[in-house]
1. Arrange the following residues from fewest to most other Cβ atoms within 10 Å of their Cβ: B:Phe119, B:Phe251, B:Phe159, A:Phe19.
2. Need the list of lysines near A:Lys140 for cross-linking: C-alpha distance under 16 angstrom, and skip anything on the same chain fewer than eight residues off.
3. For the stretch A:99-222, what class follows from the C-alpha gyration tensor (a ≥ b ≥ c being the square roots of its eigenvalues): rounded when a/c is under 1.5, otherwise prolate if a/b is larger than b/c, else oblate?
4. Quick one: which residues, 5 or more positions from B:Phe174 or on another chain, have an amide H under 5 Å from its amide H? H modelled 1.01 Å from N in the peptide plane, none for Pro or chain starts.
5. Would you mind checking the pairs B:Lys169/B:Lys191; A:Lys181/A:Lys203; A:Lys174/A:Lys203; A:Lys211/A:Lys270; B:Lys7/B:Lys152 and listing those with alpha carbons more than 21 angstrom apart?
6. Give me D for the protein assembly as shown in µm² s⁻¹, whole number, from Stokes-Einstein with Rh from the Kirkwood sum over alpha-carbon pairs, 4 °C and 1.567 mPa s.
7. Quick one: angle between helix B:93-110 and the longest Cα principal axis of chain B, in degrees between 0 and 90, rounded to 10, please.
8. Note down the nm distance, to one decimal, between modelled labels 7 Å out along Cα→Cβ at B:Arg91 and at B:Lys249.
Amino acid sequence: MINQIIFEYPWAFALMIPFFVCLIYCKPKLDALFFPTMTFLKKATKKSMLLENILKTSIALLLIVSLASPIIQDEISIKNDKGYEISLIVDASGSMAQNNKFKIVKEIVSDFLTKRVHDKVGLSIFADFAYVAVPLTYDKKSIKRLLSRIQVGIAGSRRTALYEALFLSSNLFKNSHAKKKIAILLTDGMNNVNDIPLDVAIKTVKKYGIKVYTVGIGGAGDFDPRVLKKIANQSGGKFFAANSKQKLKEIYNTIDKLEKSKIKANKYVKKRYLFAYPLGLALLLSMLLLFRKNKELA
Amino acid sequence: MIKNRLKEILLKVKKKVFTGNLGNTLSTFKGTGLDFSEIKDYVIGDDVRAINWKSTAKGLGVKVNIFNEERELNVIIAYLISGSINFGTKRVKQDLMAEIMGYISYSALKNSDNLTTIFFDGNLEKIFKPTRKLGILEDTLGYALGLDSIGKSVDYDQFCTFINSSIKKKSLIFLIGDFYNDINISKISHKNEVYALIARDRFEENPSFKGDISLVDPTSLSEDNMSLDKSSLKEYRKLLSEHDDKLYKHFLTNRVKYGKIYTNDDVYLRISRILKA
């Protein structure tokens, strides 16, 4: 969809029909004259007549193309106070390296990003400590690029600062005016960093009105379902548990469906009008034709 | 209108031919005929039928009569009608061709030659039977000036076939036309003596059109809008001269005498030069 040239008024191409009909049937009525050696004259003027016809036809076609108004629909933006804002919180602790979990999570999150075309998305990573990798943005490309570079252990590998991550990413929404604020918290461990208590984290979440979906991955005992459930329930979100790639994928699909934004109403398309190019070329060719005509009469 | 023009041409032709003494210069050939010339001694090989018995009886050896040979030339004038002859700046080529025809016809008739006049396009339009009467000139000239040439074109193959099938005697054939078609007259040129008189106009060989113009082909009647500039006119002149070169080459290889006569030329002068060449 991006960088593709489309026509705003494609019906303008219907003008080609009368043009070609006219090219054949509406010849200018000039004073006709008998001339004996027409066969030679026709042969002699063949080239210049062909050139002139090509000029005329291309001028007409270029004008029609400009009338059809070719545009590039460059970016699709959403007005800031509407639409969704989603904060993705991803566990990058040492345990995520087991069973290729982190790679799968990256894949699925990346997929999820692709689906949320019209939303602002942020990315936070946590392990020993939590940090905001990407603040809320429409720029999915850079999130994806960053996501692909994140490795396990980037924020330490021994501990899991779950509450801190929740607290920190909640603060992302500080200046937000979005109607719907969503956080998706993905973890495979239990909180074992005690700088921020759970209550404070939940309070912050509630303060900004963030709906938190919590996803626990791994087998039973890997994560604390009670805590995750509590976070989800308190913020109005939902808790999911996944022990396979397929399951995890389903979960993200479910979240995607649950939080379907009504994009159409809020869509605004940035158009780049390109009609100036064919129009300019047509003008140039017209001048060339005029010049030729003047030269003939000179 | 045509009548006036006809009289004009006739007067011009008669005056020029009289003063110019075109024709009338043929030496008389001795031979068989009715016109008695003289008596001479018989030599072996003389026709015994020509022995003058009365003179022989007088006792001075065998005598034979000598006659002037009836050496009448068979002159054929072919007026080739194509749409393109209806063009000209000073006057139309049709008129020029009529005048050319007038000069040749009158000279031939004055020389008591047998004159056949043919009007030909795709097929035979009109034939004036062989005659020696001067009066025919008015008819042929009238026909030439009055004919409608638009939409017609010359078919030389048909023409050759017609000449070969209807004219048996060796003849002097004058072709009058503008020769813009592809031509092949080799079928008649080997047997007869052929002259090609090419009637042209200066403007059609060197047109000075400018810009957009609508031109009608007088043979096919198709109309075309064309825009002409210097380069295309140059190309046109090149094509035309190529065509003429081809034409001349054809005439030369078939031993046809030819010459161009323009609408603004002194026709009599041009014809006599072409014929004497």
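Each reported figure results from applying straightforward, stated rules to the coordinates on display, with no laboratory input. For clarity, every value in this text was computed on a predicted model and none was experimentally measured. Methodologically, a virtual Cβ is constructed for each residue, glycine included, from the backbone with ideal geometry; neighbour enumeration extends over all protein chains shown.
1. If I rank by nearby Cβ atoms, fewest first, I get A:Phe19, B:Phe119, B:Phe251, B:Phe159.
2. The reachable lysines, counting only those whose Cα sits under 16 Å from A:Lys140, are A:Lys106, A:Lys115, A:Lys120.
3. Values: a/c = 1.64, a/b = 1.06, b/c = 1.55.
Note, shape of the stretch A:99-222 comes out oblate.
4. Long-range HN contacts for B:Phe174: B:Ile76, B:Ile77, B:Ala78, B:Tyr195.
5. On the way: B:Lys169/B:Lys191 9 Å; A:Lys181/A:Lys203 15 Å; A:Lys174/A:Lys203 14 Å; A:Lys211/A:Lys270 31 Å; B:Lys7/B:Lys152 27 Å.
Beyond 21 Å: A:Lys211/A:Lys270; B:Lys7/B:Lys152.
6. 38 µm²/s
7. Once rounded, one gets 0 degrees.
8. Distance between label points: 3.5 nm.
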